[in-house]
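Presented below is the structure to which this report refers.
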Amino acid sequence: MANARSTTWIAILYGGFIAGTIDIGVASLINGISPLVILRAIASGLLGKAAFQGGLPVSLLGLGLQWAMSLLIAAIFVFAARQWTWLNRRWAIAGAFYGVVVFVVMEYVVVPLSAAWPKAHFTTTSLIENLLAMMLFGLIVAFFARGYAE
């Protein structure tokens, strides 16, 4: 029991922290802006437009929020993978699909309910880039769930 619990936590921590950190870098590349600005944009979910007037403390808040969301997203998948073992056997397909689900939930439920600024307006290209980024996020989470959530 203790071993299963510790491997579950390893899957959540690795999947969440690694996927969340890479997601910041990918968002920075997609948007052509500094990761610190990406982190302020994340913090704007709580602080609104004022987040962009902040410095390093606001960026650190954004990092904390990103990692908290990433750990939660990873935990949901890991616990699901413990219940439905086919998610582990077909982890790449499941992870990519999970990334799309996370994208839809974040963009069309979480962000609209937050104080985030500015609200995203996607072009076809930016929609595809962001979907691919979240599919990568889901793949990373599923990869770690596959290895530890058994």
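Per residue, the convex hull spanned by the Cα atoms of region 68-150 amounts to 86 cubic angstrom. Multiplying the residue separation of Ser34 and Trp86 by 0.36 nm and removing their Cα-Cα distance gives an extension gain of 14.9 nm. Longest stretch of the chain clear of exposed loop sites (chymotrypsin sites (Phe, Trp or Tyr not before Pro), DSSP loop, at most 16 other Cβ atoms within 10 Å, sites excluded): 1-83.
Note on the chain: with charges restricted to the Cβ of Lys and Arg (+1) and Asp and Glu (-1), its dipole about the Cα centre is near 200 debye. Among Gly45, Gly138, Gly99, the largest mean-square fluctuation in a Gaussian network model of the chain, built with springs joining Cα atoms closer than 10 Å, belongs to Gly45. Applying the Kirkwood pairwise sum to the alpha-carbon positions of the chain produces a hydrodynamic radius of 15.7 angstrom. Using only Cα atoms, find the angle between the long axis of helix 2-31 and the longest principal axis of the chain, and express it within 0 to 90 degrees, rounded to the nearest 10. For helix 2-31, the angle is close to 30 degrees.
Choose one answer from Val110, Val58, Val102: the residue with the largest mean-square fluctuation in a GNM of the chain with alpha-carbon springs under 10 Å. Maximum among the listed residues: Val110. Angle of helix 56-83 to the longest C-alpha principal axis of the chain, folded into 0 to 90 degrees and rounded to 10: 30°. If you sort Arg40, Arg90, Arg82 by accessible surface, 1.4 Å probe, largest first, the order is Arg90, Arg82, Arg40.
The values are calculated or read from the model by the stated rules, or taken from the named source; none is laboratory data. The structure displayed is predicted, hence computed values, not measured ones. All Cβ positions, glycine included, derive from the backbone under ideal geometry; neighbour counts span all protein chains shown. SASA here: full protein model, heavy atoms, side chains in, ligands and nucleic acids out. Shrake-Rupley method; radii C 1.70, N 1.55, O 1.52, S 1.80 Å.
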